[in-house]
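Working notes, structure below.
Every number in this text was worked out from the coordinates using simple rules, so none of it is lab data. Computed from a predicted model, the values in this text were never measured in an experiment. Positions of Cβ are generated from backbone atoms using ideal geometry, with glycine treated the same way; all protein chains shown enter the neighbour counts.
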Amino acid sequence: MFEAQEINAEHKDLIHDVAYDFYGQRMATCSSDQYVKVWDQNAEGKWILTSSWKAHSGSVWKVTWAHPEFGQVLATCSFDRTAAVWEEVVGETPGPSERGIRHWVRKTNLVDSRTSVTDVKFGPKSQGLQLATCSAEGIVRIYEAPDVMNLTQWTLQHEVPCKLPCSCISWNPSLSKNHPQMLAVGSDDANPINGGKVFIYEYSENSRRWIKLETLNSVLDPVHDIAFAPNLGRSFHILAVATKDVRIFNITPDNSDPSGVTKLDVQTVAQFDDHGCTVWRVCWNVIGTVLASSGDDGTVRMFKMNYVNSWKSVAIMKGDGSLAPNDGSKNLSNALTSISQTARYIKLGSIITPKEREASWH
Amino acid sequence: METDINTILIPSKLCNRAGVSLAWKPCNDLGIFAYERKHSGAQDKPSQYYPTSEASVFHVRQDVILFRPILRKLINESNGTFLNLQELLARKSTNTQEEMLNFSRQYRSIIRACLESLQEDIARSKSEADKDELQNYITIFYSIECIWHLCEILFIDSTPGNVVLPHLLEWVRFHFPKYERNAAEMLCENQEELEMKPEYWPTIIGLMMQGRVRIARGLLKQHSAADTRAFLLVDQCLKAMPQFDVYSGLSASEFHLQWQHWVMDIQSKIDAKSFASHKNLELLMKIVVKDELAWSEIKKHFETWYELLPAWLFYAEPSVKSYELGTFAKYCIRQMGLENKLKHLDTVLLAAMEYDLLEVIKEIQKMSENGWFATHLANLLYHSGQLTVLEKDVDNFSAKALQEFLIVDYGTMLMGHKSLWQVGLSYLDHCSESGIHIIELLLPRVPVDNEYKAQKIIREAVKRELHHIAQFVCKVQGMKCVKRGRLGSALTWALKSQDSTLVSLLANRFLKDYAANGKLRNTDLLFNLGPTMLSSDRLIFLGKYYEFHKLYQDRQFQEAGKLLIKLLESKIIPKYFWYILLLETIPLLESEDIIFSSNDTYMIINFMEENQFDERIKDKLDVLRLATARNLSRAVLYESELN
């Protein structure tokens, strides 16, 4: 059985992105209404809105948390051509909660892009505090905060031109210090003549710049999202791509070339057209064993690798208007009106009797 | 394919109309929200749903029945057995069948104990909903017990010569205990005319079906007509029934011959109408000789095909070999007319009898106990060598990978629970391939509710040599303390985290605090810094400065003076702090004993003159000049006397 807790995010328009902190105890949401909101889970499991602010002067596309080692830090990017870094500041005077009055302060505004900034992601923490953005004009920018105690100082380290409008970016989260840093960038350019829409870059310590290692020429359709899986000590990296279908690639680096240039062996290991249409999002669970995707068909689909190393579809989720609770009970899920109430989960209906066919996606 | 997959419905009109997107919520949950993709080059305008009051996020999670408090004992005890098994295997390379059997029985007794406590709870529970829920768990765990027991017989406790019937009879007696229970009750009562009880004959037939011939005979002797010729004859026949025993030295064909003789003898007695006087006795004897009509008459006694199977085998194929079971199982299913009505439990049992282990494991993963069963059974079967033999038949199949795959899922699920995460860790420890990497991802995500839990996480990290995780937890704890204004605890955590930036930051806070209000905090901590002081220059300064304070308080002015000079000479004075050091010299310059030598005094004078235009010492400059001049004169006189 599955169950769900509804949190009315109080945005006036559709939510573009939801990000959870490292522990899954805080949630940040962003929307076309130009607001960013931060929610905290209390001891009873209820989600309380703790901050809400107008973050940009355009739609906020993405929101993402920095590693908690750097404190409570968020980054956002927007149609207004900027990306911003926010830090939560605890006031000196004790507030209603034990942590005092808190608010989010804009630490920096990154204004280098001349067009909409479509994605923003913090780099792996082993490299300090780094931030990658990509934009509709087709430029990936890497910023760095040299002093992690002072987040007002960010330097633009690299500008990497991709030639095509960029829609999404993903850092390779490999925990190994032996791997050079790697980034994958996707483009939602619609023209197949412009070639592959996924680019893989690696940081070269020798030349101190980002080098394009590979263009995935098998992906000619627009790419809307891209995600590296956690590495788990494998010799290869796994990359999921949301395009007209869900693709999973195994990418094996070969560093044996004496010139020091890494070569990549790229293999398509799965291709799912289950959505039957454009795929919007691809997202790995914490340990990279389950991939979830969403698409134009209005469903979330989950894929899992089985023990003979082949990927299989394991579950589907979709919105159902007929089951929506009436307005009376909706008020119950409003975090502000019922502060003392504990978390309420509702059992979810499903189409196949769950007892016989329980899909496990843990 | 899609018919095989669960479609979960999110109760939201907006999700239904717009579409959905998602984010994983650590560790195992999903956040789902209404969403519409915009092209990177598209105009920025409100969506067609603006303004909406329905922009909700749905946190979807699996309802894990194993997290119910009533099943906590099952989790913990099976964890103990699991760990003992892995430990035994680590100690020695070979493992005997007997040991594996022992572990299998331990697991089964844990399931049995769980079923018993569920039964007790159901008796206690008041609400219908609770009863239904508990009944549901009982059904699940009863199936598990039944399957596990059969798998134990077929895969772990294999007897020589593939003889399987005695075990199968035991299995069916265990899971359909009512005949033996009835018989025991009736024999205990020891009353006359037992045959008047409605369950008398069904019990005798049931006992005969489970191969309990002696007890059946015992019951027959209690019949009021037990002394009549027909009864005596039946007793005589049953007493003569040949028993197949692999240890008797009798070959299968010799046994077969004996059995044939015995059946023919009874058949001739039936033909001679020896039992015709008594309908039930005749039925009994006809069953023994496999009379088709008689068997179809007693079919109603069987609840399931797998209850029929051992009974049929007992009379029709007493020397059945284990590898023939599948064929006979299908025969019994046909006999019961269940070909198209097999339930999940039936499918699994049939797969086991057909020795299709992969199918068994695939099917038991669909049971609703969140992988407990599949994980533990596969691990045991793997270590008994039963899974490895399949590798040569199935392409790409790795037995080790299969069982680790299950352990990863089970361990990860437990890691997501606030008090079972350590149990989860102990499973992930036994996934050689990816276990440590998964722990590396999950352990730092265990929410730290309090310092005690932080210590626990750190211990687990250090145990696995994941020192960077231990340091990370310390650092996060340190940052939390900073935010709550608890600088002492913050410094303790920061020192443990070996993060010199954080340590310096905190040492600065201590010193600035002192500069502002003249009080040093957490002096106990500073006193006991020891070698940890070396983790940052700023902390060394703080530590040494505190040492100076302590000496001064203890009136060891000579020592204090020496230390102060050392500090002034050092290159580690923070910019905001030098003037305080300078002011500290005044009382020592003015003390009765000479503390600073002429050289020391010159040093102080130089230092003072270098900074004479600084605002912070401007009004103390005269005092300082006077004090240094006086001390210099005293020191020079004293030093010249010495020479």
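Listed values, structure above:
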read-out: Farthest toward positive dipole pole in the protein assembly as shown [+1 Lys/Arg, -1 Asp/Glu at C-beta], among B:216, B:285, A:211; value: A:211
read-out: Order of B:96, B:228 under a 10 Å beta carbon neighbour criterion, fewest first; value: B:96, B:228
read-out: Within segment B:374-416: backbone nitrogen closer than 16 Å to the residue B:102 label point (7 Å, Cα to C-beta); value: B:384
read-out: Length gained when the stretch residue B:512-residue B:236 is fully extended (0.36 nm per residue, less Cα-Cα span); value: 89.0 nm
read-out: Segment B:106-253: relative contact order in percent, alpha carbon pairs under 8 Å with at least 6 residues between; value: 16
read-out: Simple label model, 7 Å out from Cα along Cβ direction - residue A:149 to residue B:321, nm; value: 7.9
read-out: Cα-based reach from residue B:620 at 19 Å (exclusive), listing lysines while leaving out same-chain residues under 8 positions away; value: B:575
read-out: Pairwise label distance in nanometres, residue B:392 with residue B:45, each label 7 Å out on the Cα-Cβ vector; value: 7.1
read-out: Shielding by partners, peptide A:282-295 (average Cβ within 10 angstrom, other chains); value: 6
read-out: Sparse-neighbourhood loop sites, GluC sites (Glu not before Pro) in segment B:219-317 - DSSP loop, at most 14 other Cβ within 10 angstrom; value: B:303
read-out: Dimensionless Rg/Rh of segment B:167-353 - Kirkwood Rh, Rg from C-alpha atoms; value: 0.97
read-out: For segment B:18-89 versus segment B:497-512, the gap between their alpha-carbon centres in whole angstrom; value: 38
read-out: Number of partner chain Cβ atoms within 10 Å, mean per residue of A:51-62; value: 1
read-out: Segment B:124-259 shape via C-alpha gyration tensor axes, a/c threshold 1.5; value: oblate
read-out: Computed label-point distance, nm, for sites residue A:346 and residue A:211 using a 7 Å Cα→Cβ extension; value: 5.6
read-out: Backbone N within segment B:295-333 under 13 Å of label point (7 Å from residue B:252 Cα along the Cβ vector); value: B:317-325
read-out: Segment B:236-267: chymotrypsin sites (Phe, Trp or Tyr not before Pro) in DSSP coil with no more than 13 other Cβ atoms inside 10 Å; value: B:247
read-out: Largest-first ellipsoid semi-axes for chain B, taking √(5λ) over the Cα gyration tensor eigenvalues, angstrom; value: 85, 30, 22
read-out: Global geometry of segment B:533-643, whether rounded, prolate or oblate, following the gyration tensor of its Cα atoms and the 1.5 cut on a/c; value: oblate
read-out: Rg/Rh for the protein assembly as shown, where both radii come from Cα atoms and Rh is the Kirkwood radius; value: 1.12
read-out: Distance from segment B:234-266 to segment B:152-221 (C-alpha centre basis), Å; value: 19
read-out: Neighbour cut-off at most 13 other Cβ (10 Å), DSSP loop, trypsin sites (Lys or Arg not before Pro), segment B:318-383; value: B:341, B:343
read-out: In range of the label at residue A:221: residues from segment A:136-171 whose backbone nitrogen is under 18 Å from the point 7 Å along Cα→Cβ; value: A:167-168
read-out: Filter on A:107/B:38; A:163/B:25; A:54/A:197; B:131/B:321 - keep pairs with C-alpha separation over 31 Å; value: A:163/B:25; A:54/A:197; B:131/B:321
read-out: Calculated FRET efficiency for the pair residue B:532/residue A:105, C-beta based, R₀ 25 Å, to 0.05; value: 0.15
read-out: Summed residue charge, Cβ within 13 Å of residue B:359's Cβ, Lys/Arg positive, Asp/Glu negative; value: -3
read-out: Burial ordering of B:557, A:249, fewest other beta-carbon atoms within 10 Å first; value: B:557, A:249
read-out: Radius ratio Rg over Rh of chain A, counting only Cα atoms, Kirkwood formula for Rh; value: 0.96
read-out: Förster radius 45 Å - calculated FRET efficiency between residue A:115 and residue B:124, Cβ distance, rounded to 0.05; value: 0.10
read-out: Segment residue B:277-residue B:213, extension gain: residue separation times 0.36 nm, minus the distance between their alpha carbons; value: 20.9 nm
read-out: Förster-model FRET efficiency, 41 Å R0, residue B:559 and residue B:486, C-beta, rounded to 0.05; value: 0.80
read-out: Taking segment B:186-258 and dividing mean pair separation by its residue count, relative contact order in percent (alpha carbons under 8 Å, at least six apart); value: 24
read-out: Rounded Å value of the spacing that divides the Cα centres of segment A:163-241 and segment A:49-66; value: 26
read-out: 13 Å beta-carbon shell around residue B:23, net charge (K/R +1, D/E -1); value: 0
read-out: Segments B:575-581, A:161-167, B:372-378 sorted - mean Cβ within 10 Å per residue, highest first; value: B:372-378, A:161-167, B:575-581
read-out: Check: chain B dipole with +1 on Lys, Arg Cβ and -1 on Asp, Glu Cβ, in debye; value: 1560
read-out: Net lengthening on full extension, residue B:268/residue B:339 (0.36 nm per residue, minus Cα-Cα); value: 22.0 nm
read-out: Chain B: relative contact order as a whole-number percent, Cα under 8 Å and 6+ apart; value: 8
